[in-house]
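The values are calculated or read from the model by the stated rules, or taken from the named source; none is laboratory data. Note that the structure is a prediction, hence the values are computed from the model and not measured. For neighbour counting, all protein chains shown are included, and Cβ atoms are generated from backbone atoms with ideal geometry for every residue, glycine included.
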């Protein structure tokens, strides 16, 4: 686990957010380091940790002042806990007194989380949301077909305690933050990138999800739908572009709601020695009433990816389903996900 503060940079970016417009391009030219083949070297470990949320808070513009950024940062649960619970993890305190209650730290002590303490800073420009289009900073409304895809998720159909499929993909150690798109979560917001002339590999630290995008290739046509989809890569000048389709139905109904024909396009552009511009576009007219786009800064880490010890069949899942069977024996009825309005 690594703590990171996003550093401001001198580069200025021009943001294009109108429908159908190109992704943002750097106005100040940065010359990136290059691989032996002459392509920009994106390799290394990068962090997406940030206090900025995917959707924009009410009352904020996309680009914010330092004072507005302070208000967002001060309001995050993580920063509040850092101010009030730091003493709970003081290594000088020693073992707790026998019989004395432990502090009410919730699921995780604050020392074991790292969601990001600062808002996104792209070339020194502070952001209130990842989403840059639609202009209100919100994920577009679902179409009737999109709502049907979401409603078909096993988490919304059953009681939540009848079988493993009704539990979340992350809880089952199948998929957490491997994307696409990349996101910022409670901790382990790190991704390692490795390039070869034929492929680019991205491994996120959370649940060690791995994506391999192929250069000079087409999407598979055999109808196989994969976890994290079927990614193909190309270069647009000095920007790496990854286009992904053919997502697994479980991912399409739980992570980012999408139809079978939905497409996600990501762009990775180095804008300084320590920062990379990450952009994505979700184009799925069957599911959303509009295309939507987002962007953030990936910040360079001088460290390694750590093992994430998630494992299938963990005792928590066993206990959850065992509790469900006890409910059955006692005749206790539990509402389905849709009835719980989840």
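Checked against the criterion of being out of contact with any helix residue (DSSP H, G or I) (no Cβ under 9 Å at 6 or more places or on another chain) and surrounded by fewer than 14 Cβ atoms within 10 Å (Cβ to Cβ), the stretch 48-58 contains one or more residues that satisfy it.
Consider residue 253 carefully, then state whether it is closer than 21 Å to residue 139 by Cα, free of Cβ contacts under 8 Å to residues at least 60 places away in the same chain and buried (at least 18 other Cβ atoms within 10 Å of the Cβ). For residue 253, the condition - closer than 21 Å to residue 139 by Cα, free of Cβ contacts under 8 Å to residues at least 60 places away in the same chain and buried (at least 18 other Cβ atoms within 10 Å of the Cβ) - is not met. Of all positions in the stretch 326-336, none carries a residue that is under 30 Å from residue 112 (Cβ atoms) and either in contact with a helix residue (DSSP H, G or I) (Cβ under 8 Å, 6 or more places away or on another chain) or touching a residue at least 60 places away in the same chain (Cβ under 8 Å) (or both). Restricting attention to the stretch 114-153, the residues that are surrounded by 19 or more Cβ atoms within 10 Å (Cβ to Cβ) and under 27 Å from residue 188 (Cβ atoms) add up to 17. Identification of strands (runs of 3 or more DSSP E) wholly contained in the stretch 109-213 with 3 or more residues that are more than 30 Å from residue 84 (Cβ to Cβ), in contact with a strand residue (DSSP E or B) (Cβ under 8 Å, 6 or more places away or on another chain) and in contact (Cβ under 8 Å) with a residue 60 or more places away in the chain yields 131-133, 190-195.
Inspection of the stretch 68-75 identifies at least one residue that is exposed (fewer than 15 other Cβ atoms within 10 Å of the Cβ), out of contact with any strand residue (DSSP E or B) (no Cβ under 8 Å at 6 or more places or on another chain), assigned to a loop (DSSP other than H, G, I, E, B) and at pLDDT 80 or above.
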